[in-house]
Amino acid sequence: MSRQRSLGIAFALAVIAVAIGVVLSYSIHWFPVQASVQAKNTDRLYHVLVLASIPIFVIVVTVILYSIWQFHMKPGEELKDGPPIHGNTRLEVFWTAIPTVLLLGLVSYSFVVLHENEKKPAREIQIGVTGQQFAWTYQYPPSVTGGAPLNSSQLYVPKGESVNFGMHSKDVIHAFWIPAFRLQEDVVPGITTHYRATAVRLGNYPVVCNLLCGLGHSLMRSTVHVVTEAQFQAWIKSQVTAGSSTAAAGSTSSGATG
Ligand SMILES: [Cu+2]
């Protein structure tokens, strides 16, 4: 087979492989639903990375397989050596420059997406997150409740509003992860870390501790309820009322016994 013909076959197979890779990357839904603004940005970045990676992977594998096919040692050539080639400046400049440009482009785009995801919006609400072996609790400050601060085992967030989660741990390092929001941040004893997300889809989504924190790590799960602004206010109100009535009942009963 002529060199031109074998190169033609390799090129055709590479084009087919790229096409299959691109179709697979789009036709299969690899991720959970996109429930936040940040999830959409992150997934777009992922798709760009995949689209850039597929042709490069195919080029590398094609060159390897083509070389094995065309240049492998034939019977009787065992003692022969390869041709004495020393470098190829043009080729080396080429294969250094192209990956450099590509990497700088992808790194810059990743930086833009990360910056966009972490950008402080004009308006946001604060919710505290406490991690401890093996449960999450959430703190709603007076700026959110409009009254006394609220401590709850439930995470409710209003749709369309940016939430700044201030996270701290009572014991070991945990990681606060909401797959449907995509972002994840470590929860470290002694410091407060932050996580910013704007929910854009109503529903209930899992909250996961994503850092091995002890025997009950796999059970350290919770749920984020993304609700409308009105439902959020109603929930806060019901919790604050329930909390104050429990406190009142507690003081009454202790008063009765005392
Ligand atoms: Cu944990």
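The values are calculated or read from the model by the stated rules, or taken from the named source; none is laboratory data. Quick caveat: nothing in here was measured; it's all calculated off a predicted structure. Note: ideal-geometry Cβ built from the backbone for every residue, glycine included; neighbour counts use all protein chains shown. Note: areas computed on protein heavy atoms with side chains; ligands, DNA, RNA excluded. Shrake-Rupley method; radii C 1.70, N 1.55, O 1.52, S 1.80 Å.
Here are the numbers for the structure shown:
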read-out: Flag if Val200 is touching a Gly at 6+ places or on another chain (Cβ under 7 Å), more than 16 Å from the ligand (Cβ to nearest atom) and either on the phi < 0 side of the Ramachandran plot or in contact (Cβ under 8 Å) with a residue 12 or more places away in the chain (or both); value: yes
read-out: Filtered residue count, the range 175-211, keeping only those that are hydrophobic (A, V, I, L, M, F, W, C), open to solvent by 70 Å² or more (accessible area, probe 1.4 Å) and closer than 16 Å to Ser162 by Cα; value: 1
read-out: Unmet criterion (only one of (1) among the polar types (S, T, N, Q); (2) within 12 Å of the ligand (Cβ to nearest atom); (3) part of a helix (DSSP H, G or I)) for Thr130; value: (3)
read-out: Number of the condition not met by Gly76 [criteria: (1) assigned to a helix (DSSP H, G or I); (2) on the phi > 0 side of the Ramachandran plot]; value: (1)
read-out: Residues within the range 32-51 that are touching a helix residue (DSSP H, G or I) at 6+ places or on another chain (Cβ under 6 Å) and either assigned by TED's automatic domain parsing to the domain that holds His225 or surrounded by fewer than 17 Cβ atoms within 10 Å (Cβ to Cβ) (or both), tallied; value: 3
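For (1) within 23 Å of the chain's Cα centre (by Cα); (2) open to solvent by 60 Å² or more (accessible area, probe 1.4 Å), each residue gets a yes or a no:
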site: Thr62; (1), (2): no, no
site: Tyr66; (1), (2): no, no
site: Thr89; (1), (2): no, yes
site: Glu118; (1), (2): yes, yes
site: Gly131; (1), (2): yes, no
